[in-house]
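Below you'll find the structure, written out as structure tokens, and then a few comments.
Every read-out reported here was derived from the displayed coordinates using simple, explicitly stated rules and does not represent laboratory data. This is a predicted model, so every value here is computed, not measured. Using ideal geometry, Cβ is built from the backbone for each residue, glycine included, and neighbour counts are taken over all protein chains shown.
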Amino acid sequence: MEAVPAGARGWVAAAALAASLCVLRVPLTRTPWWAVALLAVLYALCEYAVRRRSDAGFHPVLLAGAFLLSPAAAALVPLPAALLVPVEHEPARLRRVWRAARPSLAAWGASRTHGALGGPRSIATADFPHALLPAGAAVLAFCLVLAALDGGILATAAGVPARRAWRGLFCRSLAPVAVHGLGGLMMAVLWRSPYGPVAALLVLLPMGVSGWVFAQYHRERAAHQATIRALVQAVDIKDGYTRGHSERVGHASVLIARELGLDEERVEVLRFAGILHDVGKLGVPTRLLRKDGPLTPEERRIIELHPEYGHEMVRGISFLGEARAAILHHHERLDGSGYPYGLAGERIPEAARVVAVADAFDAMTSTRCYSRARPVEAALTELERCAGSQFDPRMVAALVRALRRCGWHPAVTADEPAPGVPAPAPAGGPAGAHR
């Protein structure tokens, strides 16, 4: 618990206090405790099953409770799950409090919104399509509460700047919660029907299948990330002078992509392209990668094979998409004098033009065995000088704008020279003249 920032502990405590105030207002005489208990047990079982496969929440039962119960009673439903479902990471107690407070407040907000719009009456009479309006508003309230709480924990625990902490959280949660909301609405309508709660439980079967599919997607994504990490670590071990270079090129590629207004799916692909652009160096002799001083023409020809080696290595990884073309062509030049195929202008894939700028920028701002790091402004000036001949001017301008707005903190990736050994000379030659 000591490792958790004080601001994050305060945020969790405030959420827990707010949830407690919501729960304490339960009307003892009119609350259907058997329904609260049944929904709480169902939610705990669903959470246990889902969290064994992924960290994604499973909300149909919670939203059904918001549609069927008073706000205070609905806020009680997630509490047993927070106590019973195992917590894998420390601090366990703080995580349990957060797991209880977060869905409790979201359920309270959804139930309050649903009740204010006459939702319970439309569910009791199965009044469609009028029942959809209060249910949809409740789903929006549920997402808003979750986004507000999650943004706060990102800002206080992870140190994410406030202007970025809440960005996109609501939109990302809306689609899955809307699907769960429809499931919860079907549960609530069947619950109030002559068929009773038993029929309502049947809704959980298709929802459980969809949750399993979603968990499969998360596992596949985790496997992709593990594959990429393993490849990058292998390159870093082989070429210790450029340790961290791949991650920084991936970050710079993301900055350029977002500045160009690309959609998030392509941004993610370009991050993969930047991270894996040098994976072909696994096929290059280590003595050449770590050689002090200039390479001979023959040695340079061997190193210039690394884009083709890299493309062959990732050819069968389908999820990389256009990142594979970026790996193959990130050393092409706009004037056609690059390698491996001497492509020019628009014939060079857009992803490769993005990675080329990101790669050259990090190479110039990092110390290596054969060159000393340049200041960021000097590197940007060099990129602008070579724009139009070596680099796409649009990509250079995007990186310049992004860095002027966000800044850059380049890390020195080479070992410090030993006493008595001269430091490398400042980098010379055109931008991107690196290995």
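Worth pointing out:
- Reported label for calculated mean projected area of the Cα convex hull in nm² given (i) 26.0; (ii) 19.7; (iii) 24.9: (iii)
- The stretch 236-391, relative contact order [Cα under 8 Å, separation at least 6], %: 23 percent
- Label-to-label distance, Ser193 versus Arg172, with points set 7 angstrom from Cα along the beta-carbon direction: 3.6 nm.
- Glu322/Ala37 FRET efficiency (R0 41 Å; Cβ-Cβ; nearest 0.05): 0.20
- A straight chain from Ala14 to Ala148 at 0.36 nm per residue would run longer than the Cα-Cα distance by 47.0 nm.
- Virtual spin-label span in nm between Leu201 and Thr125, 7 Å along Cα→Cβ: 3.1 nm
- With Cα atoms defining each centre, the stretch 157-195 and the stretch 259-281 are spaced 29 Å apart in the structure.
- Filtered chymotrypsin sites (Phe, Trp or Tyr not before Pro), the stretch 253-350: DSSP coil and at most 16 other beta carbons within 10 Å: Tyr341
- Hydrophobic long helices, here whole DSSP H runs in the chain with Kyte-Doolittle means of at least 0.0 and Cα atoms spread over 24 Å or more along the helix axis, are found at 6-23, 33-51, 132-157, 169-192, 204-238.
- Peptides 275-283, 378-386, 100-108, 60-68 ordered by average Cβ neighbours within 10 Å, highest first: 60-68, 100-108, 275-283, 378-386
- Normalised contact order of the chain, rounded percent, pairs of Cα under 8 Å and 6 or more residues apart: 12 percent
- Cβ-based charge dipole, the chain, positive-most Cα from Ile303, Trp108, His277: Trp108
- Measuring r between the beta carbons of Leu295 and Ala6 and using R0 = 51 Å, the FRET efficiency lands at 0.45.
- Taking label positions 7 Å along the Cα-Cβ direction at both Arg315 and Glu88, the computed distance is 3.6 nm, reported to one decimal.
- Near-label residues of the stretch 175-191 by backbone N, under 17 Å of a point 7 Å along Cα→Cβ of Tyr217: 175-183
- Ordering of 129-140, 184-195 by burial proxy (mean other Cβ atoms within 10 Å per residue, highest first): 184-195, 129-140
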